[in-house]
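Take a look at the structure set out below.
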Amino acid sequence: MSYHPPRKSALVAPVSQRVAVVLAAWLPDDQVFRRTATMPEDLRAEVLATIDAIKAAALAHKQAFAEVGNRPAAITPEAEESEVKGTPPDLDPAGVGLLRSDAAGALLGLSARRVRQLVSSGELEAEKVGSEWIITRTAVDDYLATRKAA
């Protein structure tokens with residue numbers, strides 16, 4: 001019996017959630033969209049779906065572990081629904097449209113610091129995950145629409 005490696009089309013490259021955090025940081029949305037703009041549509045869709053899956057895995061890792069010094073600590077369980085202020089965004093399984101403040105800033109033409117200021121002032125909706133603000137693409141679009149209307 002001999003070993004037959006899978007065909008190249010069947011190969012996948014799964015990554016751990018920890019590695020997904022690193023990859024997500026290296027793949028800002030603005031660069032991904034710019035680099036995939038000229039790809040054939042089917043390849044572009046596959047690349048974007050893969051990037052979304054990586055970002056979803058990164059978010060899952062960040063939700064499971066908050067950094068405390070140099071050692072990870074499990075995040076405390078969520079409060080009862082009646083005690084929670086607001087509701088978390090309704091995310092699809094692929095996590096499409098989740099942005100860190102730097103990626104949201106790139107889309108808005110603002111610095112990450114300014115994005116965090118907008119979040120703090122309530123002008124831009126976001127969810128705190130660990131030590132980072134996670135902003136949905138919808139929130140960015142809503143903010144842009146509000147700015148254009150003003």
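The values are calculated or read from the model by the stated rules, or taken from the named source; none is laboratory data. All values reported here derive from a predicted model rather than from experimental measurement. Note that we place each Cβ from the backbone using ideal geometry, even for glycine, and neighbour counts take in every protein chain shown.
Taking residues in segment 45-62 that are within 15 Å of Gly97 (Cβ to Cβ), and partners anywhere that are surrounded by fewer than 17 Cβ atoms within 10 Å (Cβ to Cβ) and small (Gly, Ala, Ser), the pairs with Cβ atoms closer than 6 Å and at least 6 places apart or on different chains are Asp52/Ala94; Ala53/Ala94; Ala56/Ala94.
Which residues, counting only those in segment 108-135, are surrounded by fewer than 20 Cβ atoms within 10 Å (Cβ to Cβ) and either touching a Gly at 6+ places or on another chain (Cβ under 7 Å) or over 23 Å from His61 (Cα atoms) (or both)? Answer for segment 108-135, where residues must be surrounded by fewer than 20 Cβ atoms within 10 Å (Cβ to Cβ) and either touching a Gly at 6+ places or on another chain (Cβ under 7 Å) or over 23 Å from His61 (Cα atoms) (or both): Leu108, Gly109, Leu110, Ser111, Ala112, Arg113, Arg114, Gln117, Ser120, Ser121, Gly122, Glu123.
Checking Met39 against (1) in contact with a Leu (Cβ under 9 Å, 6 or more places away or on another chain); (2) at pLDDT 75 or above; (3) not in a helix (DSSP H, G or I), which single condition isn't satisfied? Exception for Met39: condition (1).
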